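Report on one structure; see the data block that follows.
Derivation of every value follows stated rules applied to the coordinates shown; laboratory data play no part. Computed from a predicted structure; not experimentally measured. We place every Cβ from the backbone using ideal geometry, glycine too, and count neighbours over all the protein chains shown.
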Amino acid sequence: MIEEAPLYRAWVYLAETPLLWLTATLAAYVVADAISARLSRHPLANPVVIASALLIGLIAVTGTPYRTYFEGAQFVHFLLGPATVALGVPLWRNRANVAANLLPMCAALIAGSLTAIGSAVAIAYAFGAPAPIVASLATKSTTAPIAMAISETLGGIPALTAVLVVLTGILGSVLVTPLMNALGVTDFAARGFAAGTASHGIGTARAFQVSEEAGTFAGIAMGLNGALTATLFLLLPQLN
Amino acid sequence: MIQALTLLFACQLAGELVVRTMALAFPGPVLGMALMVAGLAWVGRTSPALDQVADGLLRNLSLLFVPAAVGVVQQAGLIAQNWLAISAALVVSTVATLLVTVFTFRATARLQARHRT
């Protein structure tokens, strides 16, 4: 007991500072990224899945509330904003390719965005999910801040929507590569655009693992799908 | 590096400012991205430092989603209660969206190519 006391005191102190969970988040990602690289970026070895699984295990074992974890992890989470702005840089570098694909992008955006919303709502409804769950699923393919705001206006649960958005992102980023390979689609602009429309930022992160071209188009799709979905639901109350 | 980071933050801040003051249901960072593109188009070139910071962030974009992904545990109960409807909706809708998007993109691109020749 006397031996353990200093270590316990150190733990009590560290568990309260952001440093511990910030370091744990970075360390989990370093491990996850190394595993992903070792497996030649295999779609199933998704770094988001590996790192979050490690951390979920760690906070469960140590009995740490998510709120305490997030106090440290928020510094990483915060960088999502600047990273979204940074998507503008490859977009501008690939501007010739983007301009050449404006028409396919517009058509694919409208078709993909409506499919994402319509199919999720229809399936959840068909399976008899309660109304708040159906509403929470409607915007699952959109970037989290938009998805949560719309979910609230539809009578959904914003916190559940945030989780469904993450799960959709992970699902899309795992499925996109095998699906596109099976279909024989070799156009990385089209592949990336599909990844960004179906699975927002996490799909974009996967697309950047594959190529800059795919990542650029995924980033544009994420931004445009967010804008289109927000506009659609903004107009919706006026139709009723 | 600090200049490039400052530029990224400033674009986001400007985006958030516009969104808040106009009460738009639109994410500030996405507007910030548009401002970044507009700025680059105006100047006509990127800087090596901006390229380096942007590419560094985007190469590790997966890291930035980890804190949100750990939050999945918070809703585990609600998801477990509705697991069948939720998993069916997520899997089928994600696959359908990927397929519809990529087919529409390719079909439109082919149509466009035929018109040009």
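Observations
- Dipole of the range A:1-154, positive direction: furthest Cα of A:88, A:34, A:142, with charges on the beta-carbon: A:88
- With the helix formula -39500 (n - 2.57) applied to DSSP H stretches of n ≥ 4, chain B reaches a computed 222 nm mean residue ellipticity of -28000 deg cm²/dmol.
- For A:12-20, mean number of other protein chain Cβ atoms within 10 Å: 0
- Gained length - residue A:71 relative to residue A:16, 0.36 nm times residue gap less alpha-carbon distance: 18.9 nm
- Translational diffusion of the range A:117-240, estimated by Stokes-Einstein from the Kirkwood radius over alpha carbon pairs at 37 °C in a medium of 0.692 mPa s, is 225 µm² per second.
- Residue order, fewest to most surrounding Cβ atoms within 10 angstrom, among B:115, A:42, A:77: B:115, A:42, A:77
- Here the Karplus relation 6.51 cos²θ - 1.76 cosθ + 1.60, evaluated at θ = phi - 60°, turns the backbone of the range B:77-93 into coupling constants of x, 5, 5, 4, 5, 10, 4, 5, 4, 5, 5, 4, 4, 5, 5, 5, 5 Hz, with x for every Gly and Pro.
- Kirkwood Rh and Cα Rg combined as Rg over Rh, evaluated for the range A:64-155: 1.09
- Average projected area [Cα convex hull, chain B], square nanometres: 12.1 nm²
- Using the alpha-carbon positions of chain A, Rg (one decimal) and Dmax (whole number) come out as 20.0, 72 Å.
- Between the listed residues B:93, B:109, B:64, the Cα displaced farthest toward the positive end of the dipole of chain B, a dipole computed from Cβ unit charges relative to the Cα centre, is found at B:109.
- Counting, for every residue in A:183-196, the Cβ atoms of other protein chains within 10 Å of its Cβ and taking the mean gives 4.
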